[in-house]
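None of the figures in this text is laboratory data; all of them are computed from the coordinates on show. The structure displayed is predicted, hence computed values, not measured ones. Every residue, glycine among them, receives a Cβ derived from its backbone with ideal geometry; neighbour counts consider all protein chains shown.
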Amino acid sequence: MKLIRGIHNLSQIPRGCVLTIGNFDGVHRGHQALLQGLCAEGAKRQLPVVVMIFEPQPLELFAGESAPARLTRLREKLRYLADSAVDYVLCVRFDRRFAALTAQQFIADLLVDRLGVKLLAVGDDFRFGAGRQGDFLLLQQAGKEYGFDVTSAQTYCHDGLRISSTSVRQALKEDDLAQAEKLLGHPFVISGRVVHGDELGRTIGFPTANLPLRRQVSPVKGVFAVEVNGLGDSPVPGVANIGTRPTVSGVRQQLEVHLLDTNMNLYGRHIDVVLRHKIRNEQRFASLDALKTQIAKDESTARVLLGLNVE
Ligand SMILES: Cc1cc2nc3c(=O)[nH]c(=O)nc-3n(C[C@H](O)[C@H](O)[C@H](O)COP(=O)(O)O)c2cc1C
Ligand SMILES: Nc1ncnc2c1ncn2[C@@H]1O[C@H](COP(=O)(O)OP(=O)(O)OP(=O)(O)O)[C@@H](O)[C@H]1O
């Protein structure tokens, strides 16, 4: 899979392709089904498979802080997309100028002139162009006019529920990690690079690796039994807190993970924290001692939940 960043680099994609467009946040099972169908079409027509995504996601431009929490950062999104057999990911910088393109300009300039699209597959709820004026019907009409096919992906459901990034966020909001995993087709993971914290954790006997969540709001909060990938061949068990750390008057939301039975130094490493089970909500404790007592209990709970030998 090749990543093309920005429409000014479009010439790197051969003209004529099968294409889909969207946010693909989480790369859930609905997305995976759509991509599978598209890849089969690409193979049949011997055309490259292209996925157009937007960065930032449109609502992040329009709604700023109140945009829905991200399920995947760009890096993770690309990793999941690479797992399907797509040839190119075109990552479009979604700014005011791009957002102002009318549906007709988007089709004529980008899809037809620049990409020479032969087949476009989208869900039937797909909307695009300034003011979300463009819809499936308009695409079909344009397809006839310019000579490309438009197909609507069959809606992919789980237990009668349409899988969408929104439904995954809802499951996470309800702390239903099992449901989120069923909808995603993979566990919910928070990834990032470990940075230096205040190192207070050390003094209370629970050193933690800190992942800043930056501007991104996490779709989940609280204390979790986790497994950390990216540190060797097998996952390392741990216990993590996602929150603002009210006990030490923290402000910014971050993820802190305490690894069990190892004192590996993680600074600067990129890790994937797989959330396995929720243990409790974050709380403000009256003292660091009270927090320490609770974290020791959390650790025991995590051992049970992760099926580890309880000491
Ligand atoms: C399993 C676990 C649970 C935690 N729960 C809370 C909590 O409920 N409330 C809180 O204020 N801090 C909680 N913390 C503590 C903070 O996340 C953080 O580790 C501590 O304030 C030290 O921060 P530092 O490593 O940045 O110095 C928890 C930490 C861990 C590892
Ligand atoms: N369950 C599904 N079945 C079939 N196609 C889907 C499904 N979910 C999304 N798609 C299609 O995948 C493409 C990318 O979807 P996109 O990520 O933009 O939205 P979404 O997953 O529906 O999330 P949201 O909840 O934000 O609307 C779109 O064409 C969309 O219609």
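Using only the alpha-carbon atoms, how far is helix 74-83 inclined from the longest principal axis of the chain? Give it as 0 to 90 degrees, nearest 10. With both axes taken from Cα atoms, the answer is about 70 degrees. Placing unit charges on each Cβ (+1 for Lys and Arg, -1 for Asp and Glu) gives the stretch 160-311 a dipole about its Cα centre, and among Pro235, His277, Ala171 the Cα reaching farthest toward its positive end belongs to Ala171. In terms of overall dimensions, the chain has a Cα radius of gyration and Dmax of 22.0, 71 angstrom. Counting only lysines at least 8 places from Lys292 when in the same chain, those with an alpha carbon closer than 28 Å to its own are Lys173, Lys221, Lys278.
Its convex hull of Cα atoms gives the stretch 1-140 a direction-averaged projected area, equal to a quarter of the hull surface, of 7.8 nm².
Classify the stretch 188-305 as rounded, prolate or oblate from the Cα gyration tensor: take a ≥ b ≥ c as the square roots of its eigenvalues, call it rounded if a/c is under 1.5, otherwise prolate when a/b beats b/c and oblate if not. Judged from the Cα gyration tensor, the stretch 188-305 comes out rounded (a/c under 1.5). Rounded to the nearest Hz, the phi-derived 3J(HN,Hα) couplings of the stretch 7-14 under the Karplus curve 6.51 cos²θ - 1.76 cosθ + 1.60 (θ = phi - 60°) are 5, 5, 9, 4, 5, 6, 9, x, where x marks glycine and proline. Beta bridges per DSSP, both residues in the stretch 2-157: antiparallel share near 5 percent. Every helix of 4 or more DSSP H residues in the chain counts as -39500 (n - 2.57), and over all residues that averages to -8000 deg cm²/dmol at 222 nm. For Phe285, the residues whose amide H sits under 5 Å from its own are Thr247, ignoring neighbours fewer than 5 places away on the same chain, with H placed 1.01 Å from N.
A Cβ-based charge dipole, computed about the Cα centre of the chain with Lys and Arg at +1 and Asp and Glu at -1, lands at about 560 debye.
For a straight C-alpha distance cut-off of 29 angstrom, the lysines reachable from Lys44 (same-chain residues fewer than eight places away being disregarded) are Lys2, Lys77, Lys118, Lys144. For the chain, the longest principal axis of the alpha carbon atoms and the long axis of helix 288-305 meet at an angle near 60°.
Full extension of the chain between Asp125 and Phe98 gives 7.6 nm of extra length, using 0.36 nm per residue less the Cα-Cα distance. Computed from Cα positions, the angle between helix 29-45 and the longest principal axis of the chain comes to roughly 40 degrees.
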